[in-house]
């Protein structure tokens, strides 16, 4: 931790606490997060051709991500429950190769927006995480080698310390 940096979720005795944001100004805030799920080309082909037994994978994963973002305050201790302005979950799919033996990656990107006293980073990260987990769950019967990684915050704007979106 950088010198002079304090953890805002700890009180003077080092106990966990919810940060008081009541004094902060209400501003427009945006957070963008990404993550990846790596899978076989045959699995991606089955997703694209809607041949997964559990149903339409990307639409279901998109809904799961949005629903998860809306419930982030219930899932993460000390996270403020927020009334989001919007959440999007998008997928970037690679071109399918002729050879089904290759490993490919689906990029998942979530953008969360709010006008509030606190940011929406956790909501964007939660959306990406649950979208990836949903893809994993729906495809695990045909691909035992899937891997989720690279979940990270790409950007955040708004608040008093950064320019508005």
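The values are calculated or read from the model by the stated rules, or taken from the named source; none is laboratory data. Treat the numbers as computed from the prediction; the structure is a model and nothing was measured. No Cβ is skipped: glycine too gets one built from the backbone with ideal geometry, and neighbour counts run over all protein chains shown.
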Exercise. Look at region 51-61 and say how many of its residues are free of Cβ contacts under 8 Å to residues at least 24 places away in the same chain and under 15 Å from residue 140 (Cα atoms).
Key: 2
Quiz item: Could you give every pair whose Cβ atoms fall below 9 Å, whose first residue belongs to region 105-134 and is without any contact (Cβ under 8 Å) to a residue 12 or more places away in the chain and on the phi < 0 side of the Ramachandran plot, and whose second residue is buried (at least 21 other Cβ atoms within 10 Å of the Cβ) and in a strand (DSSP E or B), counting only separations of at least 6 or pairs across chains?
Solution: none
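Determine which member of the set 125, 84 is crowded, with 21+ Cβ neighbours inside 10 Å, within 17 Å of the chain's Cα centre (by Cα) and under 19 Å from residue 29 (Cα atoms).
Working: 84 fails: crowded, with 21+ Cβ neighbours inside 10 Å.
The conditions single out 125.
Among the candidates 59, 40, 65, which residue alone is at pLDDT 95 or above and in contact with a helix residue (DSSP H, G or I) (Cβ under 7 Å, 6 or more places away or on another chain)?
Unique residue meeting the criteria: 65.
Against the definition (touching a residue at least 40 places away in the same chain (Cβ under 8 Å), under 17 Å from residue 129 (Cα atoms) and assigned to a helix (DSSP H, G or I)), how does residue 42 come out, yes or no?
Details: touching a residue at least 40 places away in the same chain (Cβ under 8 Å): yes; under 17 Å from residue 129 (Cα atoms): no; assigned to a helix (DSSP H, G or I): yes.
No.
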Exercise. Answer yes or no as to whether residue 135 is under 24 Å from residue 30 (Cβ atoms) and within 20 Å of the chain's Cα centre (by Cα).
Key: no
Quiz prompt | Index of the failed condition, residue 141 passing every other in (1) touching a strand residue (DSSP E or B) at 6+ places or on another chain (Cβ under 9 Å); (2) under 16 Å from residue 42 (Cα atoms) | solution = (1)
